[in-house]
Every structure is written in C-alpha cells, then in structure tokens.
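Beneath this line is the structure, given in structure tokens, with notes to follow.
The values are calculated or read from the model by the stated rules, or taken from the named source; none is laboratory data. What you see is a predicted model; the values in this text were computed from it and never measured. Here Cβ is always computed from backbone atoms with ideal geometry, including for glycine, and neighbour counts include all displayed protein chains. The accessibility values were calculated without ligands, DNA or RNA, using every heavy atom of the protein model including side chains. Shrake-Rupley method; radii C 1.70, N 1.55, O 1.52, S 1.80 Å.
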Amino acid sequence: MRNTRLLTMLECAIFAALAMVLSFIPLDIGSSFSISLGMIPMYIIAIRRGFWAAGFSGLLWGLLHFVTGKAYILSPLQGFIEYIVAFAFIAFAGVFAVQVRGYLKEEKLGKAIGWAWGTMVVGGLAKYFWHYLAGVLFWGAYAFKGWSAQIFSLVMNGASCIATIIVAGIIVSVLMKISPKLFLPK
C-alpha cells in the first residue's frame, strides 16, 4: 500500500514536471488566448490514477508556474485562484477514470476514448471556470473596447478551454490507440 502511494505521488510529480515543460511551447495568441499542451499529461495522469492524483498533479503543476516565473500575477487572490485553485480543479479530469480504464482493459477502445473525452471535457471546464472567474474579477481592465469583463473572459477563456480540450483530446486519443498501457497502472 505504501509503495503504491509513493509510486502514485512520484508519477504525479513526473507528469506535473512534463506539463510544465510543455507549457514552455509557445501556443499563445495575444495575451488572453492560449492552447495549454500541459493538459495532455494532466489528462493522462487523471485517467491513469483518478481524481485525487489528478488534483495533486495539477496543484504541483500550478505551483511550478511560481517557481519558473511563468505565473502572471496581478494580486495574491488572483494568483491563488488561477494557479492553486484552478490547477487543483484538474482533479475533475479523473471523474470517469474508472470507466476509461475498464474499457481499456476490456479492449473496447471506442468506448474508452468516448469516456476519455467526457473526462477531459469535465476537467477542462472545471479548470477554466476558475480562469473565467479570475478574468471577470481581475483581468476585465484588459477587455477589448466595448466588451464587458464577463464577455471578454467568457470568449477568451472559453476559446482557450475548447481549443485545449480539442488538441489534448486528439493527442490523448492517439496515445490510447498506440499505447493503451500508458493509461493502466500496474
């Protein structure tokens, strides 16, 4: 039991570090839209280990933004919401992990991928909800002329969320086809 817990924590740290490395690949358009390739390893650990591991790994990834100087902070509360709370909410990417792994074990790839997309949508929406909220509360001054903070945040964070889910979802789907064992812990 202790060895499994330690192995899971090590995997979480490795996936968080991999997510941080992928975060340095520039896929930002302007100051408000980005595709987060770091969500790919987050989705993998979420499916592989479930809710709590995904949350822990997400939290580690969020904290790594501070260490690497990649955090954009306007205030302590904004930093807390966007880099602690939002990243911890990646945990929700693990809500259907049992179903995905079950279908992978049964070699029902189509169903596994379907459930994986469900879990990626839930996890992506959970994370980006907090970015939306921070956008309304803290980033509204950067909205386009004539746009409210709510619309600006919804459009920018919504577009980032959808683009991230699509890109990460395609890559995770391909990985499930070529290496399903990556998603199944021993």
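Here are some notes:
- The share of accessible area on the chain that comes from carbon and sulfur is 72 percent, using a 1.4 angstrom probe.
- Averaged over its residues, region 1-152 has an accessible area of 52 Å² per residue, based on protein heavy atoms and a 1.4 Å probe.
- Per-residue ellipticity at 222 nm computed for the chain from its helices equals -22500 deg cm²/dmol, with DSSP H segments shorter than 4 residues left out and the rest contributing -39,500 (n - 2.57).
- Normalised per residue, the volume of the convex hull around the Cα set of region 12-62 (Å³): 67 Å³
- Lys/Arg +1, Asp/Glu -1 at C-beta; the chain dipole; positive extreme among Leu22, Ile47, Thr164: Ile47
- The chain: C-alpha pair distances exceeding 26 Å, %: 29 percent
- Environment charge of Gly169, counting only residues whose C-beta is closer than 15 Å and scoring Lys/Arg +1, Asp/Glu -1: +2
- Legend: helices of the chain (whole DSSP H runs) are marked when their alpha-carbon atoms reach 24 angstrom or more along the helix axis and their mean Kyte-Doolittle hydropathy is at least 0.0; marked are 2-23, 51-68, 109-138, 149-178.
- The distance separating the Cα centre of region 1-67 from that of region 69-115 comes to 9 Å.
- Relative contact order (%) - region 14-148, alpha-carbon pairs under 8 angstrom, separation at least six: 23 percent
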